[in-house]
Amino acid sequence: MSKLAMKGGEPLRRKPFPKWPIFDDRELDAIGKVLHSGVWGIGGEEKKEFEEKFAAYQDAKYGVAVTNGTAALETALRAAGISTGDEVIMPAYTFMATATAVLHVAGLPVFADIEPDTYTLDPEKVEAAVTGKTKAVLPVHLGGCPADMDGMGRIARRNDLFIIEDACQAWGAEWRKRRVGAIGDLGAFSFQSSKNITSGEGGIVVTNDRSLYELCWSYHNCGRVMEGPWYRHDLPGTNCRMTEFQAAILLVQLTRLEEQTKRRNRNARYLSEKLSKIEGVDPLKRDSRVTNHAYHLFIFRYDAEEFAGLPKNTFIEALRAEGIPCSPGYVPLYKEQFMLNLAEDRFLSEKYGKKVDYSHVKLPVTEKACYEEAVWLFQNMLLGTTEDMDDVVSAICKIKKNVEELIS
Ligand SMILES: Cc1ncc(COP(=O)(O)O)c(C=O)c1O
């Protein structure tokens, strides 16, 4: 009789992990208050209050709350003046919006490899990718783990580059006791449904620079001028303003974030310790300069050799069958069809004076992470109990012990 659930055995776990999103009557009251106020959009108090509170939470002076994280990235890029043909160095191990935001402002993503033990942008590889056209570096604080901001700072100073942080997964994360977002020039956060603080959709740009703040504000508000007349538009801006409903929900969500982040960190440390004892399972390293991790994702590196050659995707299927939700994560962005199609775009080629062709890009650490190693667990699982973490460990041990069932 087979032991593994994938082969018809009994799953190790049938209980669900804590569900997400978490809310209570306070969100209900907050929405009711906005409804009754009659001010649902521009001009209300909730958005302003959230911008101030969230920016302060991230150790930033200013915040501009927008419709989503993609819009936050685009707003930040526009404020930094990134435009036609400007190169922006970023990892390829990230969500597609990191790259599309750059394409939307007519810039060009340039992919640099990640560090093998943290999966965040490798400063050495960034340095090697700098050209005369580079305008910005766009580190991603992957899964809530800050990228090496010392390294990014050094390269940006030496080459006169903007640093725009993709902090879409990194609420409350700290590098050397400083919260991310405005360590560089600008930072973007997301509040989409899966995120550790959510209003269904939503985003914010933060910065410490007054003039960048005013540019972000103007861009997200149809190019208007602060304190200027309603029908004066100095920039070809857009409308990506956050609504009062979203801001009201986020103000309540923010009150839970600190405690939830502590809980995620406690469980992640426990899980890391247990998993490191299993040969073939290696949680991503936490640099000692990371003084707080947001743990949007808990990522470990899988080594098929220690599991009798079982491919990563089959391991993931087996883990899911045992009742442990997990994901293989990203594919390298330069392998995505939307990136490869750029080579066929004649309009783009004319605009940039060259073919925009990503088919020759090859980043070995990124590819290994995507195709062989990375296994993701989700933030809501880390809100569970120690016993929930033990189930993750036991399920992996069970697969390892009975792996032959999946090989033959
Ligand atoms: C790393 C990263 N960048 C950008 C985004 C885009 O945010 P949104 O989905 O709110 O537009 C996300 C969200 O999924 C993300 O995880």
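The values are calculated or read from the model by the stated rules, or taken from the named source; none is laboratory data. Every value quoted in this text rests on a predicted model; they were computed, and no experiment measured them. Please note: Cβ atoms are built from the backbone with ideal geometry, for glycine as well, and neighbour counts cover all protein chains shown.
Details
- Residue in segment 203-225 that is within 16 Å of the ligand (Cβ to nearest atom) and assigned to a loop (DSSP other than H, G, I, E, B) present: no
- As a summary of the residue check, residue 254 satisfies the conditions (1) of a type in the set (A, V, I, L, M, F, W, C); (2) closer than 17 Å to residue 65 by Cα; (3) within 16 Å of the ligand (Cβ to nearest atom) except for the one numbered (3).
- In the set (1) surrounded by 20 or more Cβ atoms within 10 Å (Cβ to Cβ); (2) charged (D, E, K, R); (3) modelled with pLDDT under 95, the condition left unmet by residue 373 is number (3).
- Subset of segment 31-49 (residues that are outside any helix (DSSP H, G or I), in contact with a helix residue (DSSP H, G or I) (Cβ under 7 Å, 6 or more places away or on another chain) and hydrophobic (A, V, I, L, M, F, W, C)): 39, 40
- Options 147, 136; residue that is under 24 Å from residue 85 (Cα atoms), small (Gly, Ala, Ser), in contact with an Asp or Glu (Cβ under 9 Å, 6 or more places away or on another chain) and within 16 Å of the ligand (Cβ to nearest atom): 136
- You will find that of 276, 288, 272, 349, the residue that is over 25 Å from the mean Cα position of the chain (by Cα) and away from the ligand (no atom under 16 Å from the Cβ) is 349 and no other.
- Per-region count, segment 7-31, residues hydrophobic (A, V, I, L, M, F, W, C) and over 28 Å from the mean Cα position of the chain (by Cα): 1
- Of all the listed residues (21, 116), the sole one being touching a residue at least 60 places away in the same chain (Cβ under 8 Å) and away from the ligand (no atom under 15 Å from the Cβ) is 116.
- Near pairs, Cβ below 7 angstrom, 6+ apart or cross-chain, from segment 48-59 (in contact (Cβ under 8 Å) with a residue 12 or more places away in the chain and under 16 Å from residue 72 (Cα atoms)) to any residue that is surrounded by fewer than 22 Cβ atoms within 10 Å (Cβ to Cβ) and aliphatic (A, V, I, L, M): 50/251; 54/254
- Within segment 1-30, being farther than 30 Å from residue 221 by Cβ, charged (D, E, K, R), touching a helix residue (DSSP H, G or I) at 6+ places or on another chain (Cβ under 7 Å) and not in a loop (DSSP other than H, G, I, E, B) holds for one residue alone: 7.
- Among residues of segment 154-178, those that are over 20 Å from residue 100 (Cα atoms), under 20 Å from the mean Cα position of the chain (by Cα) and more than 12 Å from the ligand (Cβ to nearest atom), counted: 7
- Summed over segment 51-87, residues that are among the aromatic types (Phe, Trp, Tyr) and out of contact with any strand residue (DSSP E or B) (no Cβ under 6 Å at 6 or more places or on another chain) total 1.
- Long-range neighbours under 7 Å by Cβ, at least six apart or interchain, first residue over 15 Å from residue 90 (Cα atoms) within segment 149-166, second among the aliphatic types (A, V, I, L, M): 159/130
- For segment 135-171, the tally of residues that are on the phi > 0 side of the Ramachandran plot and touching a strand residue (DSSP E or B) at 6+ places or on another chain (Cβ under 6 Å) stands at 1.
- For residue 237, the requirement of being within 22 Å of residue 293 (Cα to Cα), touching a helix residue (DSSP H, G or I) at 6+ places or on another chain (Cβ under 8 Å) and not in a strand (DSSP E or B) is not met.
- Test for residue 126: is it under 18 Å from residue 356 (Cβ atoms), at pLDDT 95 or above and not in a loop (DSSP other than H, G, I, E, B): no
- Among residues of segment 222-257, those that are under 24 Å from the mean Cα position of the chain (by Cα), within 16 Å of residue 75 (Cβ to Cβ) and surrounded by fewer than 17 Cβ atoms within 10 Å (Cβ to Cβ), counted: 1
- Options 118, 70, 84; residue that is under 25 Å from residue 375 (Cα atoms) and assigned to a loop (DSSP other than H, G, I, E, B): 118
- Of all residues in segment 91-110, those that are in contact (Cβ under 8 Å) with a residue 24 or more places away in the chain and assigned to a loop (DSSP other than H, G, I, E, B) have Cβ atoms under 6 Å from Cβ atoms of residues that are surrounded by 24 or more Cβ atoms within 10 Å (Cβ to Cβ) and of a type in the set (Phe, Trp, Tyr), 6 or more apart or on another chain, in 92/111; 93/119.
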